[in-house]
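Participant: This is the structure I have questions about; it appears just below.
The values are calculated or read from the model by the stated rules, or taken from the named source; none is laboratory data. Here the structure is a predicted model, which means the values were calculated and not measured. Positions of Cβ are backbone-derived with ideal geometry, glycine not excepted, and every protein chain shown enters the neighbour counts. Quick note on the areas: whole protein, heavy atoms, side chains included, nothing else; ligands and nucleic acids left out. Shrake-Rupley method; radii C 1.70, N 1.55, O 1.52, S 1.80 Å.
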Amino acid sequence: MTKKAQAWGTDLAIGFMIFSAAIVFFYFYSFNYTNETEDMLQILTYEGNYIADAIMSSGSPTDWTNETVQEIGIEDDGKINETKFERFFNLTQSDYNKTKTLFQTRYDYYFFLKNESIMGSEGIGKPGTNSTNIQASNLIKVTRFTIYKNKPTTVYLYIFEP
Amino acid sequence: MKTKKAIFFSGDALIALMIIMLVLIIAVPRTYNPSTRTSIHSDTMKVLSNLKVGEIDNTQIKALIASGDIEDLNKSILEQIGEFYVTDKNFARATANEILSYLDTDRNIGIWYEKELIASKNSTPIENARNIEVERQIISGIQEGNETTGYSARAYLSSDVQTEYFYFGGYVGDGNISANIEYEGNITGARIEIATNKNFSVYINNNYSGYYESSTSNIIPAQYDISSYLSNFQNGSNTIEFVGEEMRITGGYIRIEYTGFAEETTKQYLPGISGLINIYDGFYTKNLQTLAVSLHLDSPYEIFLTIGNKTIFENSTSGEETITITNAEISSIINYNEIANKTVPIRIGISNASYVINETRYVDAFSVTDLSGSMCDCSQSGWFSTCKYNEERCGTHWSCSSGVCTEGINEAREANDAFIDGILNASGNQVGLAGYEYNADLTEYHQLSTDNVSLKAEVASWLAYGGTCICCGINRGISGFSGSSSEKMKVMIVMSDGAANYGCSNFNDFTGSSSGSAAQDAIDSACEAYQNHGITVHAIGFGSGAEETTLQAIAACGNGSYYAGNISNIVALYQQISEEILNASYYEQTISASGSFAPAILYPDSYIEIGQTSSEEPPRGLILTVEEQFDNASAGTFDIPSDAAIISAEAISYSGPRWTAETWLNGNNIYQISDYGSKYIDLGDPYAISIPKTLIQTNNTVEIKTATTSMNTTEGSAYNKIIYKIQKNSSSYSTICPIIDGCSWTIEFEDNTNITIDVPATYNGSAKCYYTSASQSYDPNDALQEATYKLLQILDLDSNNKIDSKFSENNLQITPTEIKGIPFTWSTEVQIRIWD
């Protein structure tokens, strides 16, 4: 009887240790995983807002073209300039990576207007992307409000890590 | 036992469960909830601010425009909501919600005007918010309970009334006088201010324009209003002619006022003369670069033109001719650097006038010559020269060896001979001689005479010896004029080579009997000669031993000039003086004529053209011309208002037949005739002396002195003036007022006269406004009335509720302008808040 009781006690102690080790492993795994996600989302948030601010400016130079552009911006006097908007679209079509360089980001983005299309597309950004087919491990959506074609318009920017 | 085992297993499971729960409790709070910075409220404010109601593609807002509920299509949505916030909150809410309907966001957002929520899009009420972010903006002109638009008005004085002056010179004569004056526009006023010697008629462009009395004095001008003859004027060039017998103008001007635009001219027209051309004038060489002269003349006599002290023209004409003197010709004679930016005298007259006119004044001249021992240089051997200090002549005293004077007396004799020849060159003149040493003996005297031979014989008999009694010589000369006609010019030339050492006990003392101050006695005798006998006394210091101080005082008190001579130039000096005496037969600036003579004509289209290095744009705005009379015969003051800029200023001088000798501004000399020489008879005499703008301060004092020679400077005329032009602030603005209507204004001027004018001119209401010493009333809620009142305050320089009399009524044209829709100064804060 006495031996049996000891056996149960040892089993319990060993089981507890194994269980505790699993719990500790799980805990630290979860902790590290959460921090990585948090950092990434913070980066994406920062860069998303930076890119949105850039897009909703006049750009540099203010009359920039594909050849002269230093900063991409599509607004003048608080309103979307359709010419610049088209240039932005064309630039992403011809050299998407250049636009990423100009936005100083290594992440992908997708910019579009609510209920509006540009050059027959829903939006501007990573080729082949639209607002519904983005495949990303981390994604941030930035919402802005501006004037397009004499109407208040909501615009969105997705920035994401594939 | 079974029961015990169950207890153990249950306890293990319970412990394991507790551990799992504990891990989960710790792990769950570590899940990431990313911060979500948003600019959506800032974006919304920008959309509201940047989008105009006339632009927005929105059915509901277009309907409001169509219904007239929205009038100003240039307003931003933000301002329009603000206006609706004041006028109709339902419209405000509808419009704001319409804008928010375009916004797709999961954030709570609301628009507040002041503390009132106008529109929102939210899932939770703000009262439950954990975080609130706010974007603010102020919109002006909007305040609940007040008007949303007002009126502003500007009142100003029109300056299309111009003032133009034609200044006559310091002396313009003698005969019929004319002036050329130009303008482009409609003449509204004309007057003349001149000092003249004769009654005269005025003809404007050959049309009779009145007969007028002369002024009371040649330094006291009279004013003549010729406004009733404005119809005789014409656009462009006008000739105003003054017709009077042997008329002369000793300073004055013609002033016209007209509506139009003044253009700066580089020409200064000369006064026209038909008679004896005798002009003393001046001109201002502002930014001088080139000079040219056009003289339109018809003169059988030689006419000369002197600028400064340089004669640039001297010739007669064969009938009527226009003579052009080019810049090249003038610049070869005059150094422009010496006369630039100054008032320069100009003189135009008839050469050798005494030959042209029947006669000038005859001259009686006495030469009073020092024959003391010092006039003899006994220098042929060393110690002989001491003889003259023993008051003896060379070679006759026991202590002197024989010898003759080699220098001094010989030159004095030659000089006197030249003087005799010079004066007697013109018939009717007489010369007398008075030699002196320790007395003025009759053996060295010759009475006034036209006998050239006799006079020169007397000179030849003169010997040098003895002391020096200058007063004896002067007294002898005075006595010699006893038979001289009062019509004649009396001149005495006193020469000395040393110090006076014999005095006189009275003015009839020719013996040198006084033991008092010999020098002062000589000065007193000169004063007696001028003051009580009308004899002008000139003095000559001969050689280095002459006592200049005494001789200068003699000339000063004798109203003459002092000259310094020596062995080499004494003869030439006497010749020069004799010529000057003849020239001085022009009595001061006046030329005397009798008998018949053919008139010389200088036409009034003659001019001096001053090419300038730079030109100034004609001043715009309200230009006021102010005339400020002197406080007394010496000085006058003028002040420049703080909100005015000086354009030009002149001091005008009624110097009569004398010369304006000095002009000072605030202690700075701005004109000095002696800069051009001491012989004033050859120099011009400006009537208007330009005052440099750079020297003009807020408070200014101008002083003027006149003279006939450099030694007799006196004060000028109490009727002198400062005439200056200022550009003055002439506009005022009202605050934003709820009404703009106008008023019938009664305005009192400094001279206590009133005018009543409607502002605006089309006003036909019943409102009465006053700017008078008795009443100040207007409606401050009326933009026009307030602007007008503020303008009148500006024009009330001394704040005595009267518009300053310096401003002509003709200058006052009040023209208000109104602007609708000026926002009021009150404001409302708009907030756009987001919260979660």
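Participant: Using only alpha carbons, build the gyration tensor for region B:172-255 and give me the equivalent ellipsoid semi-axes, biggest first, whole Å.
Facilitator: Value: 21, 12, 11 Å, ordered largest first.
Participant: Taking R0 as 25 Å, what's the FRET efficiency between B:ASN754 and B:ASP643 from their Cβ-Cβ distance, rounded to 0.05? Please report the intermediate quantities before stating the final value.
Facilitator: Values: r = 25 Å, r/R0 = 1.01.
The pair B:ASN754/B:ASP643 has a calculated efficiency of 0.50.
Participant: Further question: Report the FRET efficiency, 1/(1 + (r/R0)^6), for B:GLU116 and B:LYS693, where r is their Cβ-Cβ distance and R0 is 56 Å, rounded to 0.05.
Facilitator: Numbers: r = 61 Å, r/R0 = 1.08.
It comes to 0.40.
Participant: How big a patch of accessible area, both sides summed and in Å² to the nearest 100, lies buried between B and A at a 1.4 Å probe?
Facilitator: Roughly 3000 Å² of accessible surface disappears when B and A pair.
Participant: Tell me, in nm to one decimal, what length is gained between B:SER799 and B:ASN206 on full extension, where the rule is 0.36 nm per residue of separation less the Cα-Cα distance?
Facilitator: 208.9 nm
Participant: Would you mind computing Rg(Cα) / (2.2 N^0.38 Å) for region B:211-330, counting N as its residues?
Facilitator: Taking the Cα Rg and dividing by 2.2 N^0.38 Å, one obtains 1.25.
Participant: How far is it, in nm, from the label point at A:ASP11 to the one at B:ASN337 when both lie 7 Å from their Cα along the line to the Cβ?
Facilitator: The modelled label-to-label distance comes out at 12.7 nm.
Participant: Can you bin region B:473-578 into rounded, prolate or oblate? Criterion: square roots of the alpha carbon gyration tensor eigenvalues sorted a ≥ b ≥ c, rounded for a/c under 1.5, prolate for a/b above b/c, oblate for the rest.
Facilitator: oblate
Participant: Right, another one. Which residues does the label zone of B:SER744 cover in region B:762-782, counting backbone N under 17 Å from a point 7 Å along Cα→Cβ?
Facilitator: The answer is B:762-772, B:777-779.
Participant: Ratio of alpha-carbon Rg to the 2.2 N^0.38 Å globular estimate for region B:622-780, to two decimals, please.
Facilitator: 1.49
Participant: With each pseudo-label sitting 7 Å past Cα toward Cβ, what's the A:SER20-B:ALA761 distance in nm, one decimal?
Facilitator: Rounded to a tenth, the inter-label distance reads 10.8 nm.
Participant: Related question: In nm, to one decimal, how far is the modelled label at B:ALA572 from the one at B:SER515, with both set 7 Å along Cα→Cβ?
Facilitator: 4.6
Participant: At 1.4 Å probe size, with no ligands or nucleic acids counted, give the accessible surface of B:THR326 in Å², nearest ten.
Facilitator: Surface accessible to solvent at B:THR326 totals approximately 60 Å².
Participant: Students often check this: by mean Cβ neighbours within 10 Å, which of B:88-100, B:228-240 ranks highest, and how do the rest follow?
Facilitator: The packing order, highest mean first, is B:88-100, B:228-240.
Participant: I need two numbers for region B:79-137: Rg to one decimal and Dmax as a whole number, Cα atoms only, in Å.
Facilitator: 11.8, 34
Participant: Quick check on packing: order A:69-82, B:408-421 by the mean number of other C-beta atoms within 10 Å, highest mean leading.
Facilitator: Details: A:69-82: 17.6, B:408-421: 22.1.
Going from most to least packed, we get B:408-421, A:69-82.
Participant: Using only Cα atoms, tell me the angle between helix A:2-55 and the longest principal axis of chain A; keep it within 0 to 90° and round to the nearest 10.
Facilitator: 10
Participant: Let me ask something additional. Given the Cα-Cα distance of B:ASP451 and B:SER427 and 0.36 nm per residue of separation, how much length would full extension add, in nm?
Facilitator: Going from the current span to full extension adds 7.5 nm.
Participant: For the pairs B:LYS342/B:LYS488; B:LYS198/B:LYS490; A:LYS114/B:LYS115; B:LYS75/B:LYS768; A:LYS98/A:LYS149; B:LYS342/B:LYS725, flag any whose C-alpha to C-alpha distance is greater than 30 Å.
Facilitator: Over 30 Å apart, Cα to Cα: B:LYS342/B:LYS488; A:LYS114/B:LYS115; B:LYS75/B:LYS768.
Participant: Also, quick follow-up: Roll a 1.4 Å probe over the protein heavy atoms and report the accessible area of A:PHE26 in Å², nearest 10.
Facilitator: Near enough 100 Å² of accessible area.
Participant: Would you mind classifying region B:447-491 by shape? Square roots of the alpha carbon gyration tensor eigenvalues, ordered a ≥ b ≥ c; an a/c under 1.5 is rounded, otherwise it is prolate if a/b is larger than b/c and oblate if not.
Facilitator: Because a/c hits 1.5 or more and a/b fails to exceed b/c, region B:447-491 counts as oblate.
Participant: Might you work out the accessible area of B:ASP104 for me, using a 1.4 Å probe with all protein chains in place, and round it to the nearest 10 Å²?
Facilitator: That residue has around 60 Å² of solvent-accessible surface.
Participant: Once you have a ≥ b ≥ c as the square roots of the Cα gyration tensor eigenvalues for chain A, tell me rounded if a/c is under 1.5, and otherwise prolate or oblate according to whether a/b is larger than b/c. Intermediate values should be presented prior to the final figure.
Facilitator: Numbers: a/c = 4.12, a/b = 3.67, b/c = 1.12.
Note, shape of chain A comes out prolate.
Participant: Now a separate question. Taking θ as phi - 60°, what are the ³J(HN,Hα) couplings along region B:422-435 by the Karplus curve (6.51, -1.76, 1.60), each to the nearest whole Hz, with x for Gly and Pro?
Facilitator: So the J values, rounded to whole Hz, are x, 5, 7, 4, 9, 5, x, 8, 10, 10, x, 10, 9, x.
Participant: Only residues of region B:97-123 count here: report those whose backbone N is under 18 Å from the spot 7 Å along Cα→Cβ of B:ARG136, or say none.
Facilitator: Label zone hits: B:110-118.
Participant: Efficiency by 1/(1 + (r/R0)^6): what FRET value for B:GLU487 and B:LEU442, r their Cβ-Cβ distance, R0 = 25 Å, to the nearest 0.05? Could the numbers behind the result be given before it?
Facilitator: Working: r = 27 Å, r/R0 = 1.09.
In this case the efficiency is close to 0.35.
Participant: Quick one: compute the contact order of region B:45-157, relative version, from alpha carbon pairs under 8 angstrom and 6+ residues apart, as a percent. Working shown, then result.
Facilitator: Details: 100 pairs, mean separation 24.0, N = 113.
21 percent.
Participant: At each listed q (0.15, 0.18, 0.21 Å⁻¹), what is the log10 of I(q)/I(0) that the Debye formula gives for region B:102-260 modelled as equal alpha-carbon point scatterers?
Facilitator: With one equal scatterer per Cα and no solvent, log10 I(q)/I(0) is -0.84, -1.06, -1.28.
Participant: How do B:ARG347, A:ARG106, B:ARG191 rank by accessible surface area computed with a 1.4 Å probe, from largest to smallest?
Facilitator: If we order B:ARG347, A:ARG106, B:ARG191 from most to least accessible, we get A:ARG106, B:ARG191, B:ARG347.
Participant: Under 18 Å Cα-Cα from A:LYS141, which aspartates and glutamates qualify once same-chain neighbours fewer than 8 residues away are excluded?
Facilitator: A:GLU38, A:ASP39, A:GLU47, A:ASP53, A:ASP108, A:GLU116, A:GLU122, A:GLU161, B:ASP43, B:ASP104, B:ASP106, B:ASP836
Participant: May I pose another question? How many Cβ atoms of partner chains, on average, are near each residue of B:43-51 if near means within 10 Å of its Cβ?
Facilitator: 6
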